[in-house]
Each structure stands twice: as C-alpha cells, then as structure tokens.
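Please treat every number below as a calculation from the coordinates, not as lab data. Predicted, not measured: the structure shown is a model, and the values here were computed from it. Here the Cβ is made from the backbone with ideal geometry for all residues, glycine too, and neighbour counts use every protein chain on show.
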C-alpha cells in the first residue's frame, strides 16, 4: 500500500467517525396522559428566546405521535450537538394549537426541565434547555391546568 492510499483511507475513516459522532438521537416519552384522545405534538427548539411559542412557529423540528395506553413516544434523529428545549402538547382535538379556556390551556402541555407552570415559573428557552452531546432518552411530565 502506498502513502496516498493510506492517507485516503485515514481521511475516509475520519469522515465516517466525525459524522457518526456529530449526529445524535433524542427520544422523548410522556406517560400519565389523561386519555388516549388525539395525538401528542413534540416541538424541539434550539435557539434562545424561541420559547414561549404558543403558535408553534419558532421550533427547530416537530413530530406528532399517537397515544396508546395514555403514553406516547417520539425520536428526533440526526441532531447536531447543542442546546435544546422541548415543548409538548397533548393535542386532543388535533388542530396543532393550544386549546385555551379563558386564559389557561385546557389541553395538557409539558416542557423539558419543568414539572409545573405558574406566574413565577413560566417556560422559557433558558429554563427548559438542556445540553445534548450524546444519544439521550428523556421523560417529560404533561401538565393539565
């Protein structure tokens, strides 16, 4: 084997290794949903000030999953290393929007790193973000107000 062949092989191996290390999967699961109606909408964010996002226009990626036995799960694949936040909607009427009563949501919502929401604990990218450096599984609590 000559020197050029060895260099080509090493460069190819490095490219393959770099690609596999730079893309990550994030699996998100929710359980204890009030019912099996509708779907669960998972919105993934990767930028500061992207949350709150009541109209779902600032997300990086989005996935919709069915509900079985009051549980739902999705996986986002091929993500780069970085900071992310998750916003989940138990979209019972499947319209892609948060159904509200007078002010508060009627459908269940959830965020990474938040177990409750109130005037002093409002969701923001800063509060809900987490570092993603490797494949990760997380469970998010759905909050019904």
Checklist line | Nitroxide proxy distance, nm - points 7 Å out along Cα→Cβ at residue 83 and residue 29 | finding: 2.8
Notebook entry, point to check: Is the shape of the range 24-139 best called rounded, prolate or oblate, per the rule: a/c under 1.5 gives rounded, else a/b larger than b/c gives prolate, else oblate, with a ≥ b ≥ c the square roots of the Cα gyration tensor eigenvalues?
Noted result: oblate
Notebook entry, point to check: What distance in nm separates the simple spin-label points at residue 144 and residue 70, each placed 7 Å from Cα in the Cβ direction?
Noted result: 0.8
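Set the Förster radius R0 to 30 Å, insert the Cβ-Cβ distance between residue 135 and residue 102 as r into 1/(1 + (r/R0)^6), and round the FRET efficiency to 0.05.
With a Förster radius of 30 Å, E is 0.10.
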Checklist line | Peptides 31-41, 87-97 ordered by average Cβ neighbours within 10 Å, highest first | finding: 87-97, 31-41
